[in-house]
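The values are calculated or read from the model by the stated rules, or taken from the named source; none is laboratory data. Treat the numbers as computed from the prediction; the structure is a model and nothing was measured. No Cβ is skipped: glycine too gets one built from the backbone with ideal geometry, and neighbour counts run over all protein chains shown. When the accessible area is computed, the model is the full protein with side chains, heavy atoms only, and any ligands, DNA or RNA have been set aside. Shrake-Rupley method; radii C 1.70, N 1.55, O 1.52, S 1.80 Å.
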Amino acid sequence: MDFQLNDDQSALVSAMRAILLDHQDIPQSQKLDYCYFHSALQDVLQESGFLNAAREVDPLAAALLVAEAAKIPPVVEVGASALIAPALMPDEVPEGPIAYVDGARLDKPHRNLAVAKTAFVNLGEDVAVVSIDEGDVERVETIYAYPFGKFVRKPDLTRSVIASAGATATQWARVALAAEFAGAAQAAIDFTVDYVKQRTVFGRPVGSFQAVQHRLVQCSRLAKGAYYLAMKAAWSKAPEDAMVAACYVQSEVQKLMYDLHQFNGAMGVTTEHLLHFWTYRLRALQSETGGAHGAALDIADSRWGAAGDNGRREC
Amino acid sequence: MEFGWPKEHVDYRRRVREAINELLPPDWEETYVRESYASDLQIDFSREFCAALAERGLLTPHWPAEYGGSESEDWQHFILGEEMKAAGEPRGPQYMNVNWIGPALMKYGNDEQREQHLRGIASGKVIWCQGFSEPGAGTDLAALRTKAVRAGDKYIINGSKIWTSYARKADWCFLLARTGEGRKEISVFLLPMNTPGISVSSYPGLPKYGHLNEVYFTDVETPVSGLLGEEGAGWDIVIHALSYERVGVPRYHTGLHALDMAVAALKKEGRFDDPIIRSRAGMIAAQFEGAKLMTYSVVDQRVKKLPPNTDANLSRVAALEAVNELMNFIVEFLPDCLAGGHLLLDDYYRVNVPAGVTGGANEVQLDLVAQRGLGLPRMS
Ligand SMILES: Cc1cc2nc3c(=O)[nH]c(=O)nc-3n(C[C@H](O)[C@H](O)[C@H](O)COP(=O)(O)OP(=O)(O)OC[C@H]3O[C@@H](n4cnc5c(N)ncnc54)[C@H](O)[C@@H]3O)c2cc1C
């Protein structure tokens, strides 16, 4: 076991950071929006091969990149392209950005669908790979910090189907959302820690109050746990680890949301304050792949056998 | 970064498990759960058990060879701790000996003290207790008032200690006493518990018997040779000694084990098909898994000899959250466990009643992480 990045991983993360640093600003005209999708950065990531890390290195390398990308205020689609696609289509690179779509809620808005060129529609058993053309989806107004969209006409779910890939898609969607959560949560915490250090009330920094300190430590516990669990799930490629990572992060969103917004005061509810670019990513991730409850039930099945099954499965 | 166990660690864990299986008597669980690891019975048993562990090289494997160890790395020491805790800590109080009392003696003891004590500890037959807390000094340990006054070639000690686990059966006390008026003018004494003037009384408590003792010192005389390190060096010694305990008890390991027991009990009652119960159990498992990785990251830092930081405190906070959830789960869905229905879960619950207090109150862990980890300003 080794919790430090090795030389290759460090080099990869540093290279990613350098690119992100160049693209972390939001244009003045879009500063007050709920979400800023950075299409130029998306192109850079796509062309530079970063999104191919799982194929060329391993899924852990890809998960590290997903977490990094989630730390800047602009949003790019990395999770589905870098983690789900390689698991579903190891020998092919589908056109990105990619949206992960729940087939049971096909008519509902989905994260990243407004900008996606490809959708993976999880039908439970199988996965349909849908190419998205102009006019197939419409953008949906939302407080979530991703470009949400929905299909305006029912996509063809029969043309390109990956048989029996539903569980794999769920697994990697969980890894991707946990990695994305880890990065966005850490960035939101760092942002808030900086804020409470400089904002003073009653003549002292907000961050000097124990009630604030202790809750911020709890927030950082969640982010740290999320990071390791996400990375372990990417490393082990085990569905159980993916369930655990998703369950852990999704069950804790509420605590983070409340405390981080609370400590930013009224500034935290303005869109010019940046906080929402991370926190409303967390909110968007909260219910995906069945949410905390769905993941927890899967953990129970995997650790202790399916309901009605009194035997204990090895895991 | 990678999360696998190398073969040598897997083999080591197997070796520890085999030793535990072979050395524990068939009625161990039954006896253990009735009595707790701090009970007189278990403390006596620990002298046999640890001696046998020592013979197998499994008592002080991480110690330097010159003191009877095999200089194994922290991972192995940690695996050993996990397996012992999961088995109900058959080492009794001797986990303290090997984890921090021995290492503190190696660092601060003189030749005579090392010669006198380390062999005994490594033999698995000597019981120590930790005399730090007092009625007026717990979290604020530097407020302690037990006094040691130098008189020629000895010290005379007066005062009292409280919550001194294992004191009733201990051979030695690792005692903190004030040797000056300044807040941190504190010294460590290695004091035989059979010295005249020492008396111990015990209290019953929620975490079973053996932990809650009070130790009184009335004109207790100890030779100057009983002083560990310099006079007044006690504070530094304690801070250093307890840094060996930074990672603390592997609560995720016992927690996941207890969660499995709770699920088995629910299955037996035919209640584990309830999706609400299943979901709650799954969430608790996820919390323990998170705490586990955070703890392992600290062990990894230690193996690599990286400078200490507050990750250990954070991992304790994480484990405590999960423990609290599990205690709640047990009572909510298996209430009779605490009324004779399940001795092992009753024991788990009771051992963990003070989990947020022992080894440093949780609020202090949170303060440390906030101020040293996140760099938040101290309240002036
Ligand atoms: C089962 C058990 C075994 C023990 N074994 C030993 C032993 O062998 N040897 C030994 O020396 N001691 C032992 N202890 C004592 C233990 O170390 C102390 O209980 C602990 O240090 C806390 O001290 P206290 O109980 O006096 O709590 P106090 O110091 O009175 O604190 C009470 C509570 O106040 C709050 N608090 C304290 N400080 C702060 C702060 N800065 N900010 C916010 N809140 C705060 C915390 O919630 C804390 O729990 C044991 C205790 C227990 C319960």
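A few points about this structure:
- In segment A:1-11, residue farthest from the other protein chains (Cβ to nearest Cβ) [restricted to those that are out of contact with any Leu (no Cβ under 7 Å at 6 or more places or on another chain) and part of a helix (DSSP H, G or I)]: A:A11
- Residues in segment B:1-18 that are at the interface with chain A (Cβ under 7 Å from one of its Cβ atoms) and within 17 Å of B:K85 (Cα to Cα): 0 in all.
- All of (1) within 19 Å of the chain's Cα centre (by Cα); (2) more than 22 Å from A:A223 (Cβ to Cβ) hold for B:T295 with one exception: (2).
- Some residue of segment A:250-265 being surrounded by fewer than 24 Cβ atoms within 10 Å (Cβ to Cβ) and within 14 Å of B:G282 (Cβ to Cβ): yes
- Odd one out for A:C35 among (1) touching a residue at least 60 places away in the same chain (Cβ under 8 Å); (2) out of contact with any Pro (no Cβ under 9 Å at 6 or more places or on another chain); (3) not charged (D, E, K, R): (2)
- Output for segment B:341-380, where each listed residue is among the charged types (D, E, K, R) and either part of a loop (DSSP other than H, G, I, E, B) or more than 14 Å from chain A (Cβ to nearest Cβ) (or both): B:D346, B:D347, B:R350, B:R378
- Taken over segment A:166-202, the criterion of being farther than 21 Å from A:H273 by Cα and either modelled with pLDDT under 95 or surrounded by 23 or more Cβ atoms within 10 Å (Cβ to Cβ) (or both) is satisfied by A:A169, A:T170, A:Q171, A:W172, A:A173, A:R174, A:V175, A:A176, A:L177, A:A178, A:A179.
- Residue in segment B:128-147 that is farthest from the other protein chains (Cβ to nearest Cβ), counting only those that are out of contact with any Gly (no Cβ under 7 Å at 6 or more places or on another chain) and more than 9 Å from the ligand (Cβ to nearest atom): B:W128
- Only one entry of B:L320, B:L266, B:L326, B:L314 meets the criterion of being closer than 16 Å to A:A300 by Cβ and within 13 Å of chain A (Cβ to nearest Cβ), and that entry is B:L266.
- Every residue from segment B:271-300 that is open to solvent by 20 Å² or more (accessible area, probe 1.4 Å) and either within 9 Å of chain A (Cβ to nearest Cβ) or assigned to a helix (DSSP H, G or I) (or both): B:D273, B:D274, B:P275, B:I276, B:R280, B:M283, B:Q287, B:E289, B:K292
- When every residue of segment B:171-192 is checked against the conditions, none turns out to be over 28 Å from B:E115 (Cα atoms) and within 13 Å of the ligand (Cβ to nearest atom).
- Residues in segment A:183-210 that are among the hydrophobic types (A, V, I, L, M, F, W, C) and more than 11 Å from chain B (Cβ to nearest Cβ): A:A184, A:A185, A:A187, A:A188, A:F191, A:V201, A:F202.
- Scanning segment B:42-53 turns up no residue that is under 17 Å from B:K85 (Cα atoms), within 16 Å of the ligand (Cβ to nearest atom), outside any helix (DSSP H, G or I) and not assigned by TED's automatic domain parsing to the domain that holds B:N213.
- Given (1) buried (at least 16 other Cβ atoms within 10 Å of the Cβ); (2) without any contact (Cβ under 8 Å) to a residue 12 or more places away in the chain, index of the condition B:L306 fails: (1)
- Residue in segment A:223-237 that is open to solvent by 60 Å² or more (accessible area, probe 1.4 Å), in contact (Cβ under 8 Å) with a residue 12 or more places away in the chain and within 14 Å of the chain's Cα centre (by Cα) present: yes
- Filter result for A:G268 (surrounded by fewer than 16 Cβ atoms within 10 Å (Cβ to Cβ), of a type outside the set (V, I, T), modelled with pLDDT under 95 and over 25 Å from A:A173 (Cα atoms)): no
- Members of segment A:5-29 that are surrounded by 13 or more Cβ atoms within 10 Å (Cβ to Cβ) and not charged (D, E, K, R): A:L5, A:Q9, A:S10, A:L12, A:V13, A:A15, A:M16, A:I19, A:L20, A:H23, A:Q24, A:I26
- Among the residues of segment A:70-109, those that are open to solvent by 50 Å² or more (accessible area, probe 1.4 Å) and not in a loop (DSSP other than H, G, I, E, B) comprise A:D102, A:A104, A:R105.
- For B:P250, the conditions (1) more than 10 Å from chain A (Cβ to nearest Cβ); (2) open to solvent by 20 Å² or more (accessible area, probe 1.4 Å) are fulfilled apart from (2).
- Failed item in (1) within 16 Å of the ligand (Cβ to nearest atom); (2) in contact (Cβ under 8 Å) with a residue 40 or more places away in the chain, with B:G124 passing the rest: (1)
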